[in-house]
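To keep things clear, I will list the structure first and then write my remarks on it.
Rule-based calculations on the coordinates, nothing more; no lab input. In this text the structure is predicted, and so the values were computed from the model without any measurement. Cβ placement follows ideal geometry from the backbone for every residue including glycine, while neighbour counts extend to all protein chains displayed.
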């Protein structure tokens with residue numbers, strides 16, 4: 001192809017159909033941004049996947065074309081199959097020339113494979129596609145547990161990935177493990193994940209010891225309800241009643257500054273005392 005033809009191809013405008021993926025946040029109705037609400041209201045076709053009835057009813061009032069993606073799931077079937085169905089559903093009206101919006105609860109880019117893949121495929125085919133952010137479980141966790149990720153650092157892994165790849169991490173930093181309640185399972189709504197929790201507890205105990213306290217956290221989607229915040233130990237984790245919506249927070253172990261690092265930055269231990277201590281002396285009270 002000549003350089004002139006290539007330049008013309010690059011200058012071609014996007015095809016008429018478009019896709020925007022938005023997040024509804026965690027708390028029903030209250031967490032959604034004005035930008036995301038506008039996209040939901042003005043879409044020619046709206047898809048959604050939320051985890052509470054209040055959000056679902058509200059979304060339907062904003063756009064009469066609203067269609068749930070929950071029907072893509074089949075109990076006991078691989079989640080990967082459900083994700084492919086969602087992608088096909090979202091892209092079909094885009095190819096037909098429609099302005100399509102898909103709304104996912106929380107942040108639409110956090111543990112939402114279909115959103116990323118749909119955008120990638122739409123762009124590859126020449127359609128305009130973008131994502132708008134939303135409030136995630138992590139954002140709620142920082143607020144509800146009183147955790148400042150800047151104080152000790154914060155590491156984040158999917159629980160199954162964390163175990164099977166033996167992820168390397170710093171125990172003196174906070175650790176977030178997503179989807180701990182479905183660890184080891186590749187299907188929708190697994191019946192038993194206790195074996196996976198035992199494997200996770202064994203791996204964590206090698207770094208923290210079995211009596212290190214951890215927190216099971218579940219953000220609440222409803223304004224009048226409190227989040228689930230339950231303390232346990234690593235040894236007790238397999239029997240702690242972890243559900244699929246829970247995130248595991250592992251507080252950091254205590255740490256000491258490196259003398260050479262202090263010397264290079266011309267700091268002293270005395271000067272460090274004016275800095276608020278890391279949250280490494282305990283866990284929040286269970287509610």
Where does the chain land at 222 nm, in deg cm²/dmol rounded to the nearest 500, when only DSSP H runs of n ≥ 4 count, each adding -39500 (n - 2.57), divided by all residues? -10000 deg cm²/dmol
Take 255, 27 and order them by how many other Cβ atoms sit within 10 Å, fewest up front. 255, 27
How far apart, in nanometres, would the label points at residue 186 and residue 263 be if each is projected 7 angstrom from Cα along the Cα-to-Cβ direction? 5.2 nm
Principal axis extents for region 15-131, Cα atoms only, whole Å, descending order, please. 36, 35, 24
Pairwise over distinct Cα atoms, reciprocal of the mean inverse distance: report the Kirkwood radius of the chain in Å, one decimal place. 21.4 Å
Kirkwood Rh, Cα atoms: Rg over Rh of region 137-272: 1.03
Convex hull over the Cα atoms of region 83-189, averaged projected area in nm²? 8.7 nm²
Semi-axis lengths (Å, descending) of the ellipsoid that matches the C-alpha gyration tensor of region 164-239: 22, 18, 12
